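Asker: A single structure is presented below for examination.
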Amino acid sequence: MSLFSKLFGGKPQRDAAQKSSAKPELYGKDYRIFPEPQKAEGGYRIAARIEKEFDGETRAHMMIRADTMSDLDDARQESLRKAQIFIDQMGDSIFDDPRM
């Protein structure tokens, strides 16, 4: 990642293996969680994509946390756990548009 990308929030890079192995975990009522830890200095940042269908439209939210883990499999498990907690706490409001 270049210096400018780091300074101005360039897109985080993901491993090719990580992209292909992201399988959704079903949770609660119709939530799909895709654990997608992001490569970070010293390990992997906790992150997951959460999706749900609303009237035939799929909405998604990218959850990213500050915590990191050194092992990718551990980071996937923790990403899933944190996403489940996030869904339990926020419910469908995670898909609300923050600009409204």
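The values are calculated or read from the model by the stated rules, or taken from the named source; none is laboratory data. Here the structure is a predicted model, which means the values were calculated and not measured. As a convention, Cβ positions derive from the backbone with ideal geometry for all residues, glycine included, and neighbour counts pool all protein chains shown.
Asker: Using beta carbons and a limit of 6 Å, which pairs, at least six apart or on different chains, have the first residue in region 39-57 and among the acidic types (Asp, Glu) and the second one part of a strand (DSSP E or B)?
Answerer: If the second residue must be part of a strand (DSSP E or B), the pairs left are Glu51/Arg32; Glu51/Thr58; Glu51/Ala60.
Asker: Does region 67-77 contain at least one residue that is modelled with pLDDT under 95 and more than 15 Å from the chain's Cα centre (by Cα)?
Answerer: The answer is no; no qualifying residue exists.
Asker: Those residues that are farther than 13 Å from Pro35 by Cβ and polar (S, T, N, Q), I need them from region 47-92; list them, please.
Answerer: Thr58, Thr68, Ser70, Gln89
Asker: Just the residues that are charged (D, E, K, R) and part of a strand (DSSP E or B), please, taken from region 54-74.
Answerer: Passing the criteria: Glu57, Arg59, Arg65, Asp67.
Asker: Looking only at region 39-53, which residues are part of a strand (DSSP E or B) and surrounded by fewer than 19 Cβ atoms within 10 Å (Cβ to Cβ)?
Answerer: Lys39, Ala40, Gly43, Arg49, Glu51, Glu53
Asker: Restricting the search to region 64-82, which residues are free of Cβ contacts under 8 Å to residues at least 24 places away in the same chain and either buried (at least 16 other Cβ atoms within 10 Å of the Cβ) or of a type outside the set (Asp, Glu) (or both)?
Answerer: Arg65, Ala66, Arg81
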